[in-house]
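Everything below concerns the one structure shown next.
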Amino acid sequence: MSRPNSRTTPAGTPLGDDFHVYDTTLRDGAQREGISYSVADKLAVARHLDALGVGFVEGGWPGALPKDTEFFARAAAGELELRHAALVAFGSTRRAGTRAGDDPQVRALLDSQAPVVTLVAKSDRRHVELALRTDVAENRAMVADTVALLRAEGRRVFLDAEHFFDGYAFDPDTALGVLDAAMGAGADVVVLCDTNGGMLPLRIAEVVAEVAERTGFRLGIHCQDDTGCAVANSVAAVQAGASHVQCTANGYGERAGNADLFAVVGNLVSKLDMPVLPDGAFAELTRTSHALAEIANIAPDTHQAYVGASAFAHKAGLHASAIKVDPELYNHMDPSVVGNGQRVLVTEMAGRSSVELKGAEFGLDLAGHSSAVSSVVATVKEREARGWSFEAADASLELVMRSALGEPAAAPFTVESYRVIIERLAGGQVVAEATVRLMVEGQRVIATEEGNGPINALDAALRAALTPSCPWLDDVELADFKVRILNPRHGAGHGTDAVTRVLVESADGAGSWTTVGVHGNVVEASWLALVDALAYAALRHRAPAPAGVAR
């Protein structure tokens, strides 16, 4: 049985079933070290993927894993209503020497009620003989029997030809025979799997084109990232004739991971003009990536292609000068198309254009204020030479810019002094007591509070002093606190005497912001970051951000 390969349709034309975007985050992606999805997590992931518009969501291996069995049961009971995607159950062919109908694992695939089943089968003769301990003929019969049974039960069947590229190089007839057995029994697609992840793009393209020419079958591609080429390999396979591509969200997967769904789709849509998602869904790429990272409890990769926070961030002054003229000069695409945004990083490498562009992000027009721009550039360079870093602390940078423009201080207070006392009690408990002396609205205010450490105590004392006149502080919380001991080149000391950089992330109901402090004393560094954090909170309270400016 043979089917011609589907080809690309013109941009803007829905591909429908002509091209498959197939996601295996819930099965292959879940094999990543550190990921452990609950059933509720799996349902949430599936909903996000469906909302993005992928064609197929592989839910797991029913019958093999209790959580996966429960997932399919709850999906069948109505907890998962998919608008775009078809739910897929994954499993293996019947065991050697048995009947497909008698194999409990095959029955579990049917019991899952998934409309699509993906079967994995060995396509490398060495794996057939050494791992399965059977022969080539029986392996083909295992494939054909299982596919035929599932088709007779009304299921659509895809076949993952495991270790295909290695097997094709070792014994092409055996590898092709597995594909033929599947398609002859009624499979829709045979997926060529680079299971060990050792292939490179040119070889992938060569093999896919050759297999397409020899068989006429509809081909899919599944790539692992062990050579760092999974995305390139997947795109190369599509260009060579594959019309079904298997990926995982953010490249999650075993070892080095799988082909990243967002990079693959990003390339297919923006570089090959293939409309593989529903209208409007491409702009949801960044949001979906970050939502799925949150569910996996893994920090988003800031340097991830297309969707990373740094994917369109520019640090060099030369870049900023060109971007000021035309953003496309240093961006390969408009970041808003994938729901991302361009950022300019102001560091010691920054020039005047960087400062002006960054100011525009904050809603500040610096273009007509040459002396203010010069002041900001000089301040940033001088402070970064001492260990400050503004690229991760936009709030502190905005305060510097506003000060250079001559705006009144954002902080609703001025600091007279502070003091922190650390006491270790007899039982081993450590208590910190902080006292702050401030001028607030022309009045001298003194507040003393305790905390579980000096920073906690200082934060509490500041709030106690300010809350009567700044009730909005009740909505502000310290969300994260990071301390880094800097290289001795940033200061005279080393070890416990070294310069310390502190980043404080604060949040309220409307968003979050980060401030920075640097000093040879960790408490002073933390104090500087805390004061900036509250000053920026006052700025947010005083004036809403301009339209389109995130704060």
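Quick one: compute a quarter of the convex hull surface over the Cα atoms of the range 236-282 and quote it in nm².
3.5 nm²
Taking the Cβ of Val531 as the centre, find all other residues whose Cβ is under 12 Å away and add up their charges (Lys, Arg: +1; Asp, Glu: -1).
Around Val531, the surrounding residues sum to -3.
First obtain the Kirkwood hydrodynamic radius of the chain from its Cα pairs, then insert it into the Stokes-Einstein equation at 4 °C and 1.567 mPa s, and state the resulting D in µm² per second as a whole number.
After rounding, the answer is 48 µm²/s.
Which FRET efficiency value, to the nearest 0.05, is calculated for Arg287 and Arg83 with the Förster distance at 22 angstrom and r the Cβ-Cβ distance?
For Arg287 and Arg83, the calculated efficiency is 0.80.
Against the empirical 2.2 N^0.38 Å scaling, what ratio does the C-alpha Rg of the range 255-304 come to?
Compactness ratio reported: 1.22.
Taking all pairs of different Cα atoms in the range 111-159, averaging 1/r and flipping that mean, what Kirkwood radius in angstroms comes out?
It is 11.6 Å.
With 10 angstrom as the radius, rank Lys482, Lys67 by how many other C-beta atoms surround their C-beta, starting from the fewest.
Lys482, Lys67
Excluding same-chain pairs closer than 8 in sequence, count the lysine pairs in the chain whose Cα atoms lie under 28 Å apart.
Step by step, the pairs that qualify in the chain add up to 14.
With each run of n ≥ 4 DSSP H residues scored as -39500 (n - 2.57), what mean residue ellipticity at 222 nm is computed for the chain after dividing by its residue count and rounding to the nearest 500 deg cm²/dmol?
About -11500 deg cm²/dmol.
Determine the sum of side-chain charges near Thr435: Lys and Arg each +1, Asp and Glu each -1, restricted to other residues whose C-beta is under 14 angstrom from that of Thr435.
-2
What do you get for Rg/Rh of the range 503-544 when both radii come from the Cα atoms and Rh is the Kirkwood radius?
Ratio of gyration radius to Kirkwood radius for the range 503-544: 1.04.
For a footprinting-style exposure proxy, rank Phe56, Phe164 by other Cβ within 10 Å, fewest first.
Ranked by crowding around the Cβ, least crowded first: Phe56, Phe164.
Work out the P(r) tail for the range 400-462: percent of alpha carbon pairs separated by more than 14 Å, whole number.
Value for the range 400-462: 62 percent of Cα pairs lie more than 14 Å apart.
Quick check: convex hull of the Cα atoms in the range 98-189, volume per residue, rounded to a whole Å³?
83 Å³
Taking R0 as 30 Å, what FRET efficiency do you get between Thr467 and Glu382 from their Cβ-Cβ distance, rounded to the nearest 0.05?
According to the calculation, E is roughly 0.30.
Sorted by mean Cβ packing within 10 Å, highest first, what order do the peptides 531-537, 502-508, 379-385, 400-406 take?
Ranked by mean Cβ neighbours within 10 Å, highest first: 531-537, 502-508, 400-406, 379-385.
Whole angstrom only: what separates the Cα centroid of the range 263-308 from the Cα centroid of the range 183-248?
Centre-to-centre (Cα) distance: 21 Å.
Just from the alpha-carbon atoms, what are the Rg and Dmax of the range 125-251 in angstroms?
Answer for the range 125-251, Rg first and Dmax second: 14.1, 40 Å.
Ranked by Cβ crowding within 10 angstrom, fewest neighbours first, how are Thr146, Thr435 ordered?
Thr435, Thr146
Add +1 for every Lys or Arg and -1 for every Asp or Glu among the other residues with Cβ under 15 Å from the Cβ of Gly451, and state the total.
Charge balance near Gly451 sits at -3.
Using alpha carbon coordinates only, what is the Rg to Rh ratio of the range 17-296, with Rh defined as the Kirkwood radius?
0.94
We did not get these values from a lab; they are worked out from the coordinates using the rules stated. Here the structure is a predicted model, which is why all the values come from computation and not from measurement. Counting neighbours? That spans all protein chains shown, and the Cβs are built from the backbone with ideal geometry, glycine included.
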